[in-house]
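The structure appears right after this line, and notes come after that.
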Amino acid sequence: MEGSCKGRRREPEGSLDCPSLEFEYNDSDHLSAELSELYSYTEEPDLILNRRCFEERFRLQGGEVRWITLDPAQHRTHVMRLLDELEVVVREKRLSAARAILYLAQGVFGECETESDVLRWSRYNCFLLYQTGTFAVFLELLNMEIANSQACSKALRKPALSLADSTELRVFLSVMYLLVENIRQQLPEDDTEWKTQRETFRSELAFPCNGEEPFAHLLFTMVTKFCSGHSPHFPMKKVLLLLWKVLLFTLGGFSELQSAKEQKRAEVGLPPLSEDCIQVVKNMKATAPPSYGIELGEPQKRGRRSRKDSLDLYNEKDPFKSEECTGAEEEETEDSENMMDTESDIQERDLMSQPLSALRSNMERVYFPKGLPWAPKVRQKDIEDFLEMSRNKFIGFTLGHDIDTLVGLPRPIHESVKTLKQHKYVSVADIQIKKEEELEKCPMSLGEEDVEETAAECLYKAMLYNIPQYMIALLKILLAAAPTSKAKTDSINILADILPEEMPVTVLQSMKLGIDVNRHKEIIVKSVSALLLLLLKHFKLNHIYQFEYVSQHLVFANCIPLILKFFNQNIMSYICAKNSICLLDFPSCVVHELPELTAESLESGDNNQFCWRNLFSCINLLRILNKLTKWKHSRTMMLVVFKSAPILKRALKVKQATMQLYVLKLLKLQTKYLGRQWRKSNMKTMSAIYQMVRHRMNDDWAYGNDIDARPWDFQAEECILRGNIESFNSRRYKKNPNWEFAPVDNCLQSVVGQNLELPEDFHYTYELWLEREVFSNPIHWEDLLQCS
């Protein structure tokens with residue numbers, strides 16, 4: 001696997017034979033992997049320093065006392081002493097006490113013998129630290145350090161930043177990350193007290209009291225300060241990891257989203273979902289080019305198979321079967337590195353090189369699904385369009401949005417409409433859009449909207465005015481961390497929190513730093529992609545226009561070409577990358593005695609078939625791209641204009657069902673714009689779309705051209721959407737104080753009975769005011785009568 005996927009720009013033919021990747025797409029990786037990614041390899045000396053700071057204070061308790069032998073009351077007493085030390089004025093003493101607390105959160109690894117012991121004590125200590133109010137204390141310390149103008153000006157003056165410039169911030173953020181990640185995890189053996197503390201912690205992060213902002217919003221401001229150049233010393237990897245885990249904790253992951261979606265549908269009166277999308281995706285199998293391309297009894301031919309033989313596999317009745325698709329071949333070979341169009345030839349050569357017995361065994365192992373994985377769906381607009389076309393054809397006029405009147409239409413049309421209605425799907429977004437239209441038309445009679453104060457709602461209100469800056473900042477960081485990006489002098493420096501003060505002098509040190517830098521970038525891509533996806537999904541469920549607002553600013557910030565740029569690389573090499581040193585990963589590096597590192601041990605990496613975080617990042621980015629382009633003609637045309645088809649087709653070589661599904665969804669969006677010749681020469685890709693992607697009845701993606709997709713309508717589509725978003729924000733969040741509509745009290749009794757605050761001297765000047773404002777102003781009775 002590694003030999004066929006690593007270190008080559010042009011994928012070899014054998015890459016098509018890579019086995020299916022045993023990868024389960026989830027909210028995050030297992031706990032030890034998530035904790036190890038918090039630390040870079042250059043931070044290894046800090047682990048020993050943390051231990052020393054703790055033991056210096058702990059020895060004062062007397063004798064050879066060990067933390068793991070004390071009872072909970074003694075644990076609490078020592079933690080309170082450490083928190084008291086955080087109140088001292090001397091900066092160095094505060095930092096030393098913070099390091100001692102960080103050592104506790106890391107699991108007192110100096111007293112543990114196995115990695116599982118470290119993880120167990122880390123979890124216990126994190127709950128203990130939360131009980132004693134440690135998170136609130138570190139939040140104050142973090143705010144002080146963010147506002148430290150002296151540190152910012154010092155960092156701006158330095159020509160090159162290093163680990164030393166972010167020491168305090170890295171310690172504070174590490175403690176907070178460990179608390180969030182350990183408390184967030186739910187285990188069956190958790191007692192009632194821990195479960196209660198978890199919910200309390202979640203509420204504190206999502207719904208701060210006393211008018212404070214959500215914790216996630218504070219981290220977003222750190223991201224924008226870093227990207228604007230005001231605070232270049234911020235440790236961005238730790239900030240982004242913590243931001244991602246805070247959103248995952250407060251908003252919820254995939255399972256919470258599914259249950260929240262069911263609840264939301266029940267609240268608006270929609271039927272429950274017919275399938276659990278999470279389970280459907282998990283049960284899907286990766287597709288591969290069919291392995292039965294030639295007759296077993298035919299003589300083996302080396303020449304190119306005719307077009308007729310190729311298309312007969314799909315029982316096509318195409319009048320152009322006999323044509324040679326030379327035009328398609330020229331089109332597809334423009335960027336041969338990105339193509340998958342020679343898949344039939346490669347499969348044929350691979351089959352011919354195998355003995356006949358092997359072919360029979362391959363035939364027996366072919367996976368034939370029992371049925372399509374998804375239930376088909378139909379939108380209200382699809383039924384309306386179908387009836388409009390049918391009425392124009394048979395009776396010569398239309399009835400607008402009426403989908404029930406079928407008078408004058410032939411019997412087959414009745415059956416078609418019945419079938420379409422059986423699969424009609426109404427989303428929560430459809431209900432929200434309809435309700436928003438009613439509120440815009442009748443703002444006074446419908447009154448004020450009752451908005452549920454969810455975690456997503458609270459976060460959106462806090463972010464609203466700065467969402468454009470937040471999205472631009474995140475995409476800047478994603479661009480700087482992408483492997484396809486070239487170093488530029490004007491780009492942001494995301495390596496400030498990984499580079500040591502003294503640069504490496506030996507080849508071995510340079511290799512270690514190079515692996516660490518690549519790993520650092522991969523972790524940043526992982527966290528940015530995951531938090532963007534979480535924001536989009538939760539905002540979409542909370543209100544469709546919140547999702548559209550974030551989406552539109554991502555599109556304006558060139559998110560679509562950025563993601564395509566990310567995938568315009570040897571994607572198999574990226575997924576199979578071995579940018580990790582198992583010996584130096586936490587907690588292995590603090591439990592086991594480290595052997596002497598050699599070039600061989602650095603290059604060996606782990607024995608995994610693929611890199612979990614890189615495959616996770618790729619799927620996240622594909623899902624974001626799907627969410628930005630779905631049902632948006634203008635954005636779909638961006639995929640076509642940026643020639644995304646060959647880039648996406650190359651990603652199909654990764655034999656993982658979840659990733660293939662989202663690639664095929666993106667290809668399905670644009671097939672009607674790519675022309676018949678492209679579809680003819682990519683029949684295996686078309687077949688894979690049919691097999692894996694949900695079907696939309698009346699959708700002519702596989703053969704038709706979209707007559708409604710006129711280029712001059714694209715800009716109008718985005719403008720209309722932007723207008724709807726602005727009116728939603730103005731109405732619900734009073735973004736525009738000069739809004740022309742305001743609630744009016746028409747009740748005479750309540751108007752006259754209002755208590756108005758008047759100046760103290762008003763009764764002295766009342767007659768003068770009456771003369772000036774009432775009697776002296778002429779009344780134009782003619783104009784008044786005309787208006788009435």
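The values are calculated or read from the model by the stated rules, or taken from the named source; none is laboratory data. It should be emphasised that the depicted structure is a prediction, and the values quoted were computed from it without experimental measurement. We place every Cβ from the backbone using ideal geometry, glycine too, and count neighbours over all the protein chains shown. Ligands, DNA and RNA are stripped out before the accessible areas are found, and what is left, the full protein with its side chains, is counted by its heavy atoms. Shrake-Rupley method; radii C 1.70, N 1.55, O 1.52, S 1.80 Å.
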(message) List the residue pairs whose Cβ atoms are under 6 Å apart, where the first residue sits in the range 713-739 and is in a loop (DSSP other than H, G, I, E, B) and charged (D, E, K, R), the second is open to solvent by less than 60 Å² (accessible area, probe 1.4 Å) and at pLDDT 90 or above, and the two are 6 or more positions apart or on different chains.
(response) Lys735/Asn729
(message) Tell me yes or no: at least one residue of the range 6-23 is modelled with pLDDT under 80, open to solvent by less than 20 Å² (accessible area, probe 1.4 Å) and polar (S, T, N, Q).
(response) yes
(request) Output the number of the condition that Ser527 fails; it satisfies all remaining conditions of (1) open to solvent by 10 Å² or more (accessible area, probe 1.4 Å); (2) closer than 14 Å to Ile477 by Cα; (3) among the polar types (S, T, N, Q). (result) (1)
(message) Which count do you get for residues in the range 389-423 that are open to solvent by 80 Å² or more (accessible area, probe 1.4 Å), more than 21 Å from Lys377 (Cβ to Cβ) and not in a helix (DSSP H, G or I)?
(response) 2
(request) Kindly list the number of the only condition in (1) closer than 27 Å to Phe249 by Cβ; (2) assigned to a loop (DSSP other than H, G, I, E, B) that fails for Pro443. (result) (1)
(request) Just one of (1) part of a loop (DSSP other than H, G, I, E, B); (2) open to solvent by less than 40 Å² (accessible area, probe 1.4 Å); (3) modelled with pLDDT under 90 trips up Glu189, so point out which. (result) (2)
(message) What's the number of the only condition in (1) buried (at least 21 other Cβ atoms within 10 Å of the Cβ); (2) more than 31 Å from the chain's Cα centre (by Cα) that Asn125 fails to meet?
(response) (2)
(message) Out of everything in the range 428-446 that is in contact (Cβ under 8 Å) with a residue 24 or more places away in the chain and of a type outside the set (A, V, I, L, M), what residue ends up being surrounded by the most Cβ atoms within 10 Å (Cβ to Cβ)?
(response) Gln432
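Before we move on, is Ala456 over 21 Å from Val246 (Cα atoms), part of a helix (DSSP H, G or I) and of a type in the set (A, V, I, L, M)? I'd like the intermediate steps shown before the answer.
Working: over 21 Å from Val246 (Cα atoms): no; part of a helix (DSSP H, G or I): yes; of a type in the set (A, V, I, L, M): yes.
Spelling it out, it is not the case that Ala456 is over 21 Å from Val246 (Cα atoms), part of a helix (DSSP H, G or I) and of a type in the set (A, V, I, L, M).
Got a number for residues in the range 60-119 being under 19 Å from Glu168 (Cβ atoms), out of contact with any Lys or Arg (no Cβ under 9 Å at 6 or more places or on another chain) and not in a helix (DSSP H, G or I)? Let's see the steps before the verdict.
Going residue by residue through the range 60-119, those that are under 19 Å from Glu168 (Cβ atoms) are 82-106.
Add one more test, that the residue is out of contact with any Lys or Arg (no Cβ under 9 Å at 6 or more places or on another chain), and what stays is 83-84, 89-95, 98, 101-102, 104-105.
When the remaining residues are screened for being not in a helix (DSSP H, G or I), the result is 89-90.
Qualifying residue count for the region: 2.
Quick one: is Glu204 of a type in the set (D, E, K, R), surrounded by fewer than 22 Cβ atoms within 10 Å (Cβ to Cβ) and more than 15 Å from Tyr130 (Cβ to Cβ)?
Values: of a type in the set (D, E, K, R): yes; surrounded by fewer than 22 Cβ atoms within 10 Å (Cβ to Cβ): yes; more than 15 Å from Tyr130 (Cβ to Cβ): no.
Judged against the criteria, Glu204 is not a match.
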(request) Could you tell me whether the range 545-552 includes any residue that is open to solvent by 20 Å² or more (accessible area, probe 1.4 Å) and touching a Lys or Arg at 6+ places or on another chain (Cβ under 6 Å)? (result) no
(message) Quick test for you: out of Phe234, Phe215, pick the one residue that is more than 24 Å from Asn542 (Cβ to Cβ) and surrounded by 19 or more Cβ atoms within 10 Å (Cβ to Cβ).
(response) Phe234
(request) Please specify each residue of the range 141-164 satisfying the condition of being open to solvent by 30 Å² or more (accessible area, probe 1.4 Å) and part of a helix (DSSP H, G or I). (result) Asn143, Met144, Ser149, Gln150, Ser153, Lys154, Leu156, Arg157, Ala164
(message) Quick check on the range 674-683. Is at least one of its residues open to solvent by less than 30 Å² (accessible area, probe 1.4 Å), at pLDDT 85 or above, over 26 Å from Leu562 (Cβ atoms) and basic (Lys, Arg)?
(response) yes
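Out of the range 248-260, which residues are farther than 23 Å from Met659 by Cα and touching a residue at least 40 places away in the same chain (Cβ under 8 Å)? First the steps, then the outcome.
First, the residues of the range 248-260 that are farther than 23 Å from Met659 by Cα: 249-251, 259-260.
Matches in the range 248-260: Phe249, Thr250, Leu251, Ala260.
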(message) From the list Lys237, Lys264, exactly one residue is within 18 Å of the chain's Cα centre (by Cα), basic (Lys, Arg) and part of a helix (DSSP H, G or I). Which is it?
(response) Lys237
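Quick check on this structure: which one of Val65, Val88, Val118 is out of contact with any strand residue (DSSP E or B) (no Cβ under 7 Å at 6 or more places or on another chain) and touching a residue at least 40 places away in the same chain (Cβ under 8 Å)?
On the way: Val65 fails: touching a residue at least 40 places away in the same chain (Cβ under 8 Å); Val88 fails: touching a residue at least 40 places away in the same chain (Cβ under 8 Å).
Val118 is the lone residue from the list that is out of contact with any strand residue (DSSP E or B) (no Cβ under 7 Å at 6 or more places or on another chain) and touching a residue at least 40 places away in the same chain (Cβ under 8 Å).
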(message) Can you say whether Asp71 is of a type outside the set (A, V, I, L, M, F, W, C), open to solvent by less than 60 Å² (accessible area, probe 1.4 Å) and farther than 20 Å from Arg198 by Cα, as far as the supplied structure shows?
(response) no
(message) Just the residues that are of a type in the set (Ser, Thr, Tyr) and open to solvent by 10 Å² or more (accessible area, probe 1.4 Å), please, taken from the range 89-122.
(response) Ser96, Thr114, Ser116
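With the condition being among the small types (Gly, Ala, Ser), I'd like the helices (runs of 4 or more DSSP H) fully within the range 550-615 carrying at least 2 qualifying residues.
Values: elements: 559-567, 571-575, 588-591, 599-604.
Correct list: 599-604.
The rows are residues; the columns are (1) in a helix (DSSP H, G or I); (2) open to solvent by 10 Å² or more (accessible area, probe 1.4 Å); (3) under 23 Å from Leu475 (Cβ atoms).
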site	(1), (2), (3)
Leu622	yes, no, yes
Lys627	yes, yes, yes
Lys653	no, yes, no
Leu661	yes, no, no
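Restricting to the range 374-391, count the residues that are touching a residue at least 40 places away in the same chain (Cβ under 8 Å), over 21 Å from Lys434 (Cα atoms) and more than 33 Å from the chain's Cα centre (by Cα).
If we filter the range 374-391 for residues that are touching a residue at least 40 places away in the same chain (Cβ under 8 Å), which is where we start, we get 374-380, 382-383, 385-386.
Next, only the ones that are over 21 Å from Lys434 (Cα atoms) stay: 374-376, 386.
Among the residues that remain, those that are also more than 33 Å from the chain's Cα centre (by Cα) are: 386.
The total comes to 1.
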(request) Would you please list the contacts, defined by Cβ atoms under 6 Å and residues six or more apart or on different chains, that run from a residue in the range 31-50 that is in contact (Cβ under 8 Å) with a residue 12 or more places away in the chain to a residue that is among the aliphatic types (A, V, I, L, M) and in a loop (DSSP other than H, G, I, E, B)? (result) Ser40/Ile498; Thr42/Ile498
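Condition check ((1) among the basic types (Lys, Arg); (2) modelled with pLDDT under 85) across all residues:
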| residue | (1), (2) |
| --- | --- |
| Glu331 | no, yes |
| Glu337 | no, yes |
| Lys370 | yes, yes |
| Asp382 | no, no |
| Ser390 | no, no |
| Ile395 | no, no |
| Leu406 | no, no |
